[in-house]
Each structure stands twice: as structure tokens, then as C-alpha cells.
Amino acid sequence: MATPVALRSIVKRAGRGENTRAMPNKDVVIVILAAGKGTRLKSSLAKVLHPAGGRSLMESVVRACLPLAPKKILAIVGHQAEQVTAAIELLDVESVLQQPQNGTGHAMLVAKRAIGSAKLVVVLPGDAPLVRTETLKALIATHHSGNAAATILSAVVTDPSGYGRILRKSENSVAAIVEDSQLTPDQRELNEINSSIYCFSADKLWPALARVKPENKHREIYLTDAIAILAAKGEPVLAQIAPDPREVLGCNTRADLAEVDAIFRERKRNELMTAGVTIQLPETVLIGPDVTSGEDTVIEPCVQLLGKTKLGANCTIRTGSVLHDAVLGDGVTVEPHTMIFESHLDGGNTVGPFARIRPGSHLKKGARVGNFVETKKAVIGEGSKVPHLSYIGDAKLGSHTNIGAGTITCNYDGVNKFPTIIGNRVFIGSDSVLVAPVKIGDGAYIGAGSAITENVPPNALGLARSRQTTKPGWAAKKRREMAASNHGKKSPKKRSASKKSRRRGKSRRK
Ligand code: UD1
Ligand code: CA
């Protein structure tokens, strides 16, 4: 096997982004292991890029580490290195390429130069995203107070299968970590597992790791084997049991991903409920990590709140609605089965049911968009109403304007999009089409069923439909003529009931 020095190692400094760290703790470097492929997921996407709880696994791990204010955070990348680096680019993480991936211990050796002279190395797998900052802080505190060479975050679980097991020397010290595949039959009973989250004193780690051999069926250098080497030397090795075993869940399979996702979602719902939001049948509601809400807002079952959605206070989001990057003022009611994407609704609005509010829509104060209405890049002015069955795209409506049912803005000629400008207190009769570019002045009326292709000045009536013709008695006369022309013909009933005539009879009735 190639020695680590011979391996290509890139160090890329990602741009400084949103992270505003506290005073850096210059003794601590964090290493996130994220080079593996994740074979058990059966995916073309690298494991750590899979989402759970609305973020990639990797991003969640980095976010848990940021408040520790380490000297640096290193991500060991390999599979889809560029994409993994890009996913955490804004979080001030340095990537180190591990190519090929010869195990978790090998990953640490590849990172050695980037770790430099840090005294403490905190290691996390990129696939265990539920870990909390508080738990990491407690782990580091235990490491310091125990004067340990290594401190492992462990967990006691009912089903330990798949995980490395903690083999204790005494109540307070660890002898080894035994990988699942290497357990002896009596070790199978051990239910304290290795989370793959550790704290190492660097001066103890490196010599131990140098002695680890790839003696396992994958011919990999396991970081876990360094534990037995340290323990055998008499170095203090501790294991701290995580307060909640769910925090260390690793994602090796799709089922693991689903379980982790569900836990993130539950945490987020609890966060909002603690902040004063009512959530009915919480387990049916999906909320993204960046969503915020004011107090006394009610979220009905089967709602999804995604992206950077911000709800005001006293809103009601009724069942089946999906909001993505939606910003709602106070007291907004979103009726059932409404979709809102990248749009603003001022306070006091009601929207839906069955409305689709597409990007760039702004419903001003008291505006009403009702059932089966689609808006896109549309400003609906104060108190204006689009109550039913309309498409309003690339349009600007003034205040207190009423749009009749079935009104359509024809904003697109197949190549370009054009605007429709409608003033204040305008009345658009039902089933009108407004062929853009077109302007309807303040106070104008549009007759129902019009196809408006020219601007309508303020206070005018625009009527663009053919005049109605009414012919008195026409229908009655028609009926009489039809009855006469049928007279004398045999009724189909009286005919011989051959198959052929039955068929003809049927077709005539169509
Ligand atoms: C590992 C631990 C096991 C522990 C479990 C917890 C080892 C040998 N075993 O097993 O004791 O119970 O995590 O979830 O460490 N990685 C690299 N480079 C590599 C190999 C892996 O960066 O060469 C990364 C992976 O991308 C992953 C992490 O290390 O994020 C852990 O690797 P994985 O293959 O998931 O290890 P497990 O078999 O789960
Ligand atoms: Ca794993």
C-alpha cells in the first residue's frame, strides 16, 4: 500500500462565508471524515451529500462543530470531492483529498500535515449528522479533565449491529474498539457502540496510528485500531456515553437516512412549538431547518414549510399547503392545498384554497387570491381581489381592484414575456383575457368575456367581444321543425331488434 506521504493531498481553503466564529480555540482542529462512497446506499451521490432534515449530512455535521470555534475544520474528501467541498464552501471548511480511501485511520494520516501542531484533534464521521454541539463540548471537557489520550463518544443501544463495539478494560477505561465484522461470538452481546466521534491528544494519536496495520478483510487502516494500541501502552482511553443514543446514528442505508431525517424534523417542530407555534398532528408536518415563525401561528396537518420560509405571528397554514421561501406577515391565512414559492404576503391576507403563488409574487395588505388562481411575478395591490380561476403573470395590480373569475393575463407570445399593468379600483369582468403588453387605467371597467389587446384609459369601459344577437322564438321554431322532419319515420323501438339496427340506434342517440 502507498504511504500517505506519497498520496496526492490537496488543501483547499473555502471562502469565508456566513460563519462568524467566536475567538478561535487554536489548540483544537476538527476533522470530518467524508471521503467514503457509501456503498450501502446504492447511490450515485456521495453519502455525505444525501439530505436529512433539509440539509446534507455533511452540512449538519459542520454546523454542529462551528460553535466550538476550532482553529480549523478539515473535511477529508474523496468520492465526489468537488461536490462535497462545494456543499460546505460557505462554512469556512478546508478540504483535504484522500485518494484512494484506505480507511478511517488512513484518512487521518492524510490530514496530518493540515492538522499541523494542534494539541487536540476532534474527529467526526460525515455521516452522523445528529450530534449536538453540547455533546461535543462535553466530550472535550471529559477528555481534558480525564487527562486522556483518547476519548470516544459512545452510545448504549438496543440494536448494536453494524457498529464497532466498545470493549471496556474497567468501568472507566477502554481496552479496544472491535469492528462488527471482527466480533467474537461472546462480544456480540456488547451493546455500547463506537459513534466514530472522538477526541485525541495529537501527540498520542500519531505514534499509535503509525503502528496500525490494515489487518481486516477490506485491507484498510482503521482509526478504531489506534484505540487498542493506546490502551495497550497504558494510555488513558475514555468512552463517554452520549445522553441520547439517537445523536450518534450513522447513515449507512436508506433506512438510516429516513430515521435520521425523522429525528431532525421532530427537533425542528419541537423548536417551533417551544417558540409558541401550534402544530396539529406534528408527525405529518415537514419543516426545513431555516424556517421561522411568530407566536400563535397554527400549522395544520400535512403542511410543508421549506427553504427560508418566514411566518408571522397569528398565521394559519391549513392542511396540504407547501410553502418554499415564502415570507408571510402577521395574521395571514393560507387555505388548504396552496403552494407559495419565493413570494411575499403582507399581513392579514388570505390565500387559497388551491392557489399557486409562484416566484416574485407580492400580495399587499388585505389582498385576496382565491381558489384555482395562479400568480407569477405579480403584485396584487392593497385590498385587491383575484377570487377565482385566474392566471395573473408579469402583472402589477393597483389597490382595491377586482379581477373577475377566469381572467387571464396573456403574458407570453411564445418567445417573450410582456407586462400587464392594472390601476386602482379597476373592475375586470369575468373571463377576460388581457393580451400583454397592456395597461388598464385607474377606475376602468372591462366587460366580461373581453379580449383586451389595447390600453384602456382611466375610468373608461373596455369591451372587446362581439355583440349578442337574440332571435325571439327561434328555439321553439327549431324544435317544431325537427319534430316534423321525424314524423312518419318508424321509431327505432318498433324495428326488428337485429344487432345491426340496435347499434345504429345507439349511434344516433350519441
Ligand atoms: C465506523 C467505525 C465504527 C463505528 C461507525 C459509527 C471504523 C473502522 N469503524 O464504521 O467503529 O461504529 O463508524 O458510525 O472507523 N471515510 C473516509 N475515508 C475512508 C473511509 C471512510 O473518509 O477511507 C469516512 C466515510 O466517508 C464516513 C466515515 O469515514 O463518513 C465512516 O466510515 P464508514 O465506512 O461509514 O464506517 P462504518 O463502517 O460506519
Ligand atoms: Ca458509517
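Report the relative contact order of the chain, percent, no decimals, based on alpha-carbon pairs under 8 angstrom and at least 6 residues apart.
Once normalised by length, the contact order is 8 percent.
So how strong a dipole does the chain carry about its Cα centre when Lys and Arg Cβ are +1 and Asp and Glu Cβ are -1, to the nearest 20 debye?
4880 debye
What is the magnitude of the charge dipole of region 322-377 about its Cα centre, with +1 placed on the Cβ of each Lys and Arg, -1 on the Cβ of each Asp and Glu, and no other charges, expressed in debye to the nearest 20?
Value, rounded to 20: 220 debye.
Filter the chain for me: DSSP H helices, axial length by Cα at least 15 angstrom, mean Kyte-Doolittle hydropathy not below 0.5. List them by residue number.
104-115
Residue 445 accessible area, nearest 10 Å², 1.4 Å probe?
Rounded to the nearest 10, that gives 120 Å².
Can you sort 385, 233 by 1.4 Å-probe accessible area, starting with the largest?
233, 385
Based on the alpha-carbon gyration tensor of region 321-460 and its eigenvalue square roots a ≥ b ≥ c, which shape applies: rounded if a/c is under 1.5, prolate if not and a/b is larger than b/c, or oblate?
prolate
If you take the Cα Rg of the chain and divide it by 2.2 N^0.38 Å, with N the number of residues, what do you get?
That works out to 1.44 for the chain.
Can you sort 104, 470 by 1.4 Å-probe accessible area, starting with the largest?
470, 104
Around residue 410, under 15 Å between beta carbons, what's the net of Lys plus Arg minus Asp minus Glu among the other residues?
-1
List the pairs from 26/204; 26/169; 376/396 whose alpha-carbon separation is above 22 Å, in the order I gave them.
Result: 26/169 exceed 22 Å.
By the scheme Lys and Arg +1, Asp and Glu -1, what is the net charge of all other residues having a beta-carbon under 11 Å from that of residue 221?
Within the 11 Å Cβ shell, the charges total 0.
To check you understand DSSP bridge types, tell me what percent of the beta bridges within the chain (both residues inside) are antiparallel, rounded to 5.
Restricted to the chain, the bridges split so that about 20 percent are antiparallel.
For region 412-458, what's the relative contact order in percent, using C-alpha pairs closer than 8 Å and at least 6 residues apart?
36 percent
From the square roots a ≥ b ≥ c of the eigenvalues of the alpha-carbon gyration tensor of region 170-253, which class results: rounded (a/c under 1.5), prolate (a/b over b/c), or oblate?
rounded
Could you sort 421, 428 by their accessible area in this structure, using a 1.4 Å probe and putting the largest first?
Listed by decreasing accessible area, they come as 421, 428.
Could you tally the net charge around residue 365, taking each other residue with its Cβ under 10 Å from the Cβ of residue 365, Lys/Arg +1 and Asp/Glu -1?
Taking every Cβ under 10 Å from that of residue 365, the sum is -1.
The values are calculated or read from the model by the stated rules, or taken from the named source; none is laboratory data. From a predicted model like this one, the values you see are computed outputs, not experimental measurements. Using ideal geometry, Cβ is built from the backbone for each residue, glycine included, and neighbour counts are taken over all protein chains shown. Calculation scope for accessible area: heavy atoms of the full protein, side chains included, ligands and nucleic acids excluded. Shrake-Rupley method; radii C 1.70, N 1.55, O 1.52, S 1.80 Å.
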